[in-house]
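Presented below is the structure to which this report refers.
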Amino acid sequence: MQARIPINLASEPFRRDRAMLVASAVLAVALAIGLVGQIYLILQESNRAEETRAAVEKTDQTVRKLTTEQAKVDLVLRQAQNSEVLDRNIFLNTLISRKSVSWTQLFADLEKVMPGSVRLVSVRPQITPSNQVVLDMTVGAMTGEPVVDMLMRLEGSSLFGATTITTLLPPSQNETLYRYRLSVNYAPKP
């Protein structure tokens, strides 16, 4: 038996390159579109960066101008003849910060923790140097139990802190209530 040997006598053998060429062309077009898109995005980002740099430079110029003006104002305020005005300004600012305690909010917060049988005789808020509010209060009650209940509520509240009783006055001919003078930290919510 004789075996058949396939022989191609053509000078160039037949190849199926058409699918490969079409796929390469589609890929090349897609890459070209991607490249054009990337170039567009880079140019757009470059324009945004230039606008941002201009805005930052303008802001820097404004800050430098305001700093220069502030230095001039500080120089005028530090002069000897203006020290009285500066001291008065500091005094007025301190008064304003003391008046910043909202009485309405203070009484609403106290109402939440005070039992009905305890009377608020007086309250005086004070601002400490560390800008904390301390209430100097005088309360009155027929017995001591409602005041103890109020003290426990004050210390358990998130608005009030540690409470200290400074004085206790028993009832007298003019005053029928036990009067307690106490101080308590107060942290109003903004």
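Among the residues making up region 13-51, a single one is at pLDDT 95 or above and among the hydroxyl-bearing types (Ser, Thr, Tyr): TYR40.
Scan region 167-180 for residues that are of a type outside the set (S, T, N, Q) and under 16 Å from SER117 (Cα atoms) and jot them down. Answer for region 167-180, where residues must be of a type outside the set (S, T, N, Q) and under 16 Å from SER117 (Cα atoms): PRO171, GLU175, LEU177, TYR178, ARG179, TYR180. Does GLN79 fit the bill of being of a type outside the set (Val, Ile, Thr), more than 29 Å from the chain's Cα centre (by Cα) and at pLDDT below 95? So GLN79 fits the description; yes. Flag: LEU151 does not match the condition of being of a type in the set (A, V, I, L, M), part of a strand (DSSP E or B) and over 30 Å from ILE90 (Cα atoms).
From the list SER102, SER117, SER158, pick out the single residue that is at pLDDT below 80 and either closer than 29 Å to TYR180 by Cβ or exposed (fewer than 13 other Cβ atoms within 10 Å of the Cβ) (or both). Spell out the reasoning first.
On the way: SER117 fails: at pLDDT below 80; SER158 fails: at pLDDT below 80.
Of SER102, SER117, SER158, the one residue that is at pLDDT below 80 and either closer than 29 Å to TYR180 by Cβ or exposed (fewer than 13 other Cβ atoms within 10 Å of the Cβ) (or both) is SER102.
Conditions (1) loosely packed, with under 13 Cβ neighbours inside 10 Å; (2) within 31 Å of the chain's Cα centre (by Cα); (3) assigned to a loop (DSSP other than H, G, I, E, B), marked per residue:
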position: ILE42; (1), (2), (3): yes, no, no
position: GLU84; (1), (2), (3): yes, no, no
position: LEU110; (1), (2), (3): no, yes, no
position: SER122; (1), (2), (3): yes, no, no
position: ASP136; (1), (2), (3): no, yes, no
position: VAL139; (1), (2), (3): no, no, no
position: THR143; (1), (2), (3): yes, no, yes
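Quick check, is THR163 within 32 Å of the chain's Cα centre (by Cα) and surrounded by 14 or more Cβ atoms within 10 Å (Cβ to Cβ)? In short, yes.
The values are calculated or read from the model by the stated rules, or taken from the named source; none is laboratory data. This is a predicted model, so every value here is computed, not measured. FYI the Cβ positions are ideal-geometry reconstructions off the backbone, even for glycines, and counts take in every protein chain you see.
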